[in-house]
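Student: Take a look at the following structure, please.
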Amino acid sequence: MITPVSDKKGRAAFVDLGRQFAAQTPHSVPQIRSEMLELIDPAKNPFFGHARVQLFMAHRGGKPVGRISAHIDELALELPREQGMGPGTGMFGYFDAEDEAVGAALLAKAEGWLREQGMTRVLGPISLSIWEEPGLLVRGHDHSPMIMMGHHPASYQAWIEGQGYSLAKTLMTYDLDVSHDFPKLIQRIVSSGERNERISIRPVDLKRWDEEVQTVLHILNDAWSNNWGFVPFTEAEIAYAGKKLKPIIKPQINRIAELDGKPVAFMLTFPDVNDVLKRIDGKLFPFGWFHLLRWLRKPTRAGMRVPLMGVLKELHNSRLASQLAFMMISDIRNHAAREYGSERAEIGWILDDNQGMMAIADAIESKVNREYAIYEKAL
């Protein structure tokens with residue numbers, strides 16, 4: 001039996017079931033329950049301000065055995081179809097199932113709801129926004145994910161593909177050893193940029209945090225606007241993201257690049273909070289909050305993830321764009337290794353057709369360590 005989730009109690013059951021599945025999946029990292037509840041709460045997550053969302057749970061013999069979301073991002077419907085979303089495109093996410101039969105029934109339920117809403121195509125898994133946890137893990141099951149990346153049983157790939165889904169896009173993350181210097185060529189590019197008086201690479205300023213958030217997301221909305229799957233941030237989402245991210249922002253490993261005094265690029269780096277969540281099993285009480293707060297003050301030896309970077313479109317396909325990227329990541333690498341004792345970082349996700357970013361990742365000798373698939377199907 002598959003039933004819709006329609007209230008606070010149902011959302012709690014939905015989150016708890018997801019945590020149960022995560023606990024059974026090797027290398028998965030339990031996330032903080034309250035944070036997961038907030039993401040699916042229409043009163044708290046501004047994504048719901050431009051989206052229609054329906055959650056479903058599957059039960060067998062009175063026992064919960066699966067879950068899924070079906071959702072429609074109204075902003076995504078307005079985008080060109082060639083950019084991945086577009087008119088008639090709905091999505092599914094938060095896919096968990098005890099077995100293939102349950103998975104098939106959940107996908108059919110989500111598809112049926114989307115058809116009723118007038119959708120003609122489905123993409124997924126995307127949970128819930130493209131900016132949260134997009135894609136199904138299809139490579140890299142042998143190690144834990146970093147912050148804000150999903151982790152799924154290997155069996156889900158065949159279950160989803162078995163229901164007629166085909167690959168729409170692959171997202172990749174790159175593993176980087178930050179304990180060693182970059183290749184000599186990259187060092188020369190960085191040194192050349194440092195001698196250019198027009199260029200300034202600076203840390204973000206937490207004293208002007210709200211202004212810095214606006215700067216970063218202005219660049220992001222411009223830089224990514226032609227990318228596959230791009231959906232612009234709303235003002236409410238910008239404010240929400242700023243509030244949620246501030247506790248993990250360390251100025252020296254988050255950089256803004258300026259050209260002639262104008263912000264033209266940024267690179268964000270998050271200490272991998274999954275390091276500590278594994279130790280506290282995603283539980284703040286009774287003592288998890290103490291370990292988390294202590295870790296946030298000084299995330300020593302933490303892995304680092306670069307989830308977002310962007311350069312204004314006016315500089316795309318220029319040597320300056322790649323030079324700014326190398327300069328920012330060089331500064332971040334130096335500070336992460338020196339101040340936090342970090343040994344590895346993860347870059348991404350990166351779209352499989354983003355030749356510029358893949359070239360940068362290759363140039364600094366990083367290697368693909370995880371791949372996520374986003375599937376599509378006609379309804």
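The values are calculated or read from the model by the stated rules, or taken from the named source; none is laboratory data. Just so we're clear, the structure is a prediction, and the values are computed from it rather than from any experiment. Glycine gets a Cβ as well: all are built from the backbone with ideal geometry, and neighbour counts include every protein chain shown.
Student: Kindly establish whether N221 is among the polar types (S, T, N, Q), under 28 Å from N317 (Cα atoms) and outside any helix (DSSP H, G or I).
Tutor: Considered against the rule, which asks whether it is among the polar types (S, T, N, Q), under 28 Å from N317 (Cα atoms) and outside any helix (DSSP H, G or I), N221 comes out as no.
Student: Condition check: out of contact with any His (no Cβ under 7 Å at 6 or more places or on another chain) and buried (at least 21 other Cβ atoms within 10 Å of the Cβ). Does A336 satisfy that?
Tutor: For A336, the condition - out of contact with any His (no Cβ under 7 Å at 6 or more places or on another chain) and buried (at least 21 other Cβ atoms within 10 Å of the Cβ) - is met.
Student: Of the residues R297, R338, R344, R319, which single one is among the basic types (K, R), touching a residue at least 24 places away in the same chain (Cβ under 8 Å) and not assigned by TED's automatic domain parsing to the domain that holds G135?
Tutor: Every option except R344 fails the conditions.
A quick yes/no check of all residues on (1) touching a helix residue (DSSP H, G or I) at 6+ places or on another chain (Cβ under 6 Å); (2) among the acidic types (D, E):
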| residue | (1), (2) |
| --- | --- |
| D175 | no, yes |
| I189 | yes, no |
| R198 | no, no |
| K207 | no, no |
| E211 | no, yes |
| L220 | no, no |
| G229 | no, no |
| F233 | yes, no |
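Student: Right, here's the next one. Run down G118, G112, G164, G103 and say which single residue is surrounded by fewer than 19 Cβ atoms within 10 Å (Cβ to Cβ), assigned to a helix (DSSP H, G or I) and outside the structural domain of G348 (by TED's automatic domain parsing).
Tutor: Exactly one of G118, G112, G164, G103 is surrounded by fewer than 19 Cβ atoms within 10 Å (Cβ to Cβ), assigned to a helix (DSSP H, G or I) and outside the structural domain of G348 (by TED's automatic domain parsing), namely G112.
Student: May I pose another question? Looking only at segment 192-212, decide whether some residue is among the β-branched types (V, I, T), buried (at least 16 other Cβ atoms within 10 Å of the Cβ) and in a helix (DSSP H, G or I).
Tutor: No.
Student: Now for a separate question. Being outside the structural domain of M36 (by TED's automatic domain parsing) and assigned to a helix (DSSP H, G or I) is true for just one of L308, L277. Which residue is that?
Tutor: Within the list L308, L277, the selection yields L277.
Student: Continuing with the same structure: Taking the stated definitions as given, is G66 closer than 22 Å to I160 by Cβ, surrounded by 19 or more Cβ atoms within 10 Å (Cβ to Cβ) and at pLDDT below 95?
Tutor: no
Student: Which members of segment 172-189 meet the condition of being touching a residue at least 60 places away in the same chain (Cβ under 8 Å), under 12 Å from E365 (Cα atoms) and surrounded by 12 or more Cβ atoms within 10 Å (Cβ to Cβ)?
Tutor: Y174, D175, L176, D177, V178, F182, P183, I186
Student: Look through A22, A43 and report the one residue that is free of Cβ contacts under 8 Å to residues at least 12 places away in the same chain and closer than 27 Å to L292 by Cα.
Tutor: Going through A22, A43 in turn, the sole match is A43.
Student: Within segment 130-140, take every residue that is buried (at least 18 other Cβ atoms within 10 Å of the Cβ) and out of contact with any Asp or Glu (no Cβ under 7 Å at 6 or more places or on another chain) and give me the one that is nearest to G66 (Cα to Cα).
Tutor: Among residues in segment 130-140 that are buried (at least 18 other Cβ atoms within 10 Å of the Cβ) and out of contact with any Asp or Glu (no Cβ under 7 Å at 6 or more places or on another chain), the one nearest to G66 (Cα to Cα) is L136.
Student: Of (1) closer than 25 Å to D222 by Cβ; (2) among the hydroxyl-bearing types (S, T, Y); (3) buried (at least 20 other Cβ atoms within 10 Å of the Cβ), S318 satisfies all except one. Which?
Tutor: So the condition that S318 fails would be (3).
Student: Another question about this same structure. So for segment 71-78 (the condition being surrounded by 15 or more Cβ atoms within 10 Å (Cβ to Cβ), under 24 Å from L17 (Cα atoms) and within 20 Å of the chain's Cα centre (by Cα)), does at least one residue qualify?
Tutor: yes
Student: Of everything in segment 227-277, what is surrounded by fewer than 17 Cβ atoms within 10 Å (Cβ to Cβ) and touching a Ser or Thr at 6+ places or on another chain (Cβ under 7 Å)? Give them in sequence order.
Tutor: Correct list: E258 only.
Student: Collect the residues in segment 231-248 that are modelled with pLDDT under 90, over 14 Å from I219 (Cα atoms) and hydrophobic (A, V, I, L, M, F, W, C), keeping them in residue-number order.
Tutor: A239, A241, L245, I248
Student: When segment 3-24 is examined, which residues are found to be within 19 Å of V276 (Cβ to Cβ) and out of contact with any Lys or Arg (no Cβ under 9 Å at 6 or more places or on another chain)?
Tutor: Matches in segment 3-24: A22, A23.
Student: Residue check: is G135 modelled with pLDDT of 95 or more and either assigned by TED's automatic domain parsing to the domain that holds A345 or in contact with a strand residue (DSSP E or B) (Cβ under 9 Å, 6 or more places away or on another chain) (or both)?
Tutor: Yes; evaluated as a whole, the condition is true for this residue.
Student: Which residue is modelled with the lowest pLDDT, if the candidates are limited to segment 354-379 and must be touching a strand residue (DSSP E or B) at 6+ places or on another chain (Cβ under 8 Å) and acidic (D, E)?
Tutor: Filtering segment 354-379 for residues that are touching a strand residue (DSSP E or B) at 6+ places or on another chain (Cβ under 8 Å) and acidic (D, E), the one modelled with the lowest pLDDT comes out as E365.
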